[in-house]
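Derivation of every value follows stated rules applied to the coordinates shown; laboratory data play no part. Since this is a predicted model, take the numbers as computed values, not measurements. Counting neighbours? That spans all protein chains shown, and the Cβs are built from the backbone with ideal geometry, glycine included.
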Ligand code: MG
Ligand code: MG
């Protein structure tokens with residue numbers, strides 16, 4: 001059952017989304033060669049608590065940490081360890097927070113130092129697909145329209161779109177209805193209605209879409225050993241159109257990246 005949120009609830013959810021957005025922004029300045037994942041995990045936990053929130057993933061389904069830390073060939077659900085970051089790595093960091101009874105759930109794939117050109121391209125296309133999916137999250141569309149937009153953009157580059165893991169509704173539960181897959185057919189699936197809040201999160205592999213799981217029971221990685229990327233935003237459907245609740249702006253500010261991708265998105269007219 002899809003739980004429709006009131007405008008007041010959406011404002012609370014915006015605050016939860018901003019807690020995780022700020023946390024990823026804080027981490028952005030710490031993610032560099034030599035950084036210790038467990039140390040960053042503790043920094044993130046403390047930073048979330050300083051904001052009057054609780055880590056959303058810690059203890060959820062018995063997950064042992066605050067961050068999902070998934071370097072290089074890991075797709076999602078990696079566990080932070082003592083393995084220091086190296087120049088040329090990428091790392092997908094997924095972070096959850098619970099505040100005022102609502103979850104924020106937000107992810108970004110970071111570059112560590114200088115990464116290979118083909119890896120940069122994977123990150124760029126995956127992030128583009130996230131915004132294409134978000135643009136399709138509007139009144140008159142269905143879940144399949146969001147899914148198709150993401151899949152089409154990534155498969156056009158020959159990338160593998162992970163199917164076993166999907167985006168989701170978000171609210172007082174971390175995972176609510178509907179599931180938001182990153183593959184699908186236009187015009188199919190549940191209708192999108194005002195008051196829906198979802199996490200849209202393409203998980204895109206440079207090679208095959210096939211996955212495997214580490215023996216730790218958590219980390220999901222690419223079967224072919226090629227890199228994977230993951231970007232996640234929290235989005236509400238308000239007055240017929242998508243509104244971003246989370247923001248990458250804290251990350252861009254920390255990294256000195258000039259980007260108007262979110263402003264562009266907010267100001268553009270989406271044809272319904
Ligand atoms: Mg997430
Ligand atoms: Mg999620």
query: What FRET efficiency, computed as 1/(1 + (r/R0)^6) with R0 = 41 Å and r the Cβ-Cβ distance, is obtained for residue 1 and residue 81, rounded to the nearest 0.05?
result: 0.60
message: Given points 7 Å out from each Cα along the Cα-Cβ axis, report the residue 210 to residue 224 separation in nanometres with one decimal.
response: 1.0 nm
- line: Under the rule rounded for a/c under 1.5, else prolate if a/b exceeds b/c, else oblate, using alpha carbon gyration tensor axes a ≥ b ≥ c, segment 188-272 is classed as oblate
- prompt: Using alpha-carbon positions, what is the distance between the centroids of segment 143-198 and segment 12-90, in Å?
  reply: 24 Å
Helix-derived mean residue ellipticity, 222 nm - over the chain, DSSP H n ≥ 4, -39500 (n - 2.57), to 500: -9500 deg cm²/dmol
- request: Give the peptides 55-62, 204-211 in descending order of average Cβ contacts within 10 Å, highest first.
  value: 204-211, 55-62
field: Cβ-Cβ FRET estimate between residue 172 and residue 116, R0 fixed at 45 Å, reported to 0.05
entry: 0.60
- prompt: Considering the zone a paramagnetic label at residue 268 would reach in this model (a point 7 Å from Cα along the Cα-to-Cβ line), which residues of segment 213-250 have amide N under 13 Å from it?
  reply: 242
Most to least packed among 175-188, 139-152 [average Cβ atoms within 10 Å]: 139-152, 175-188
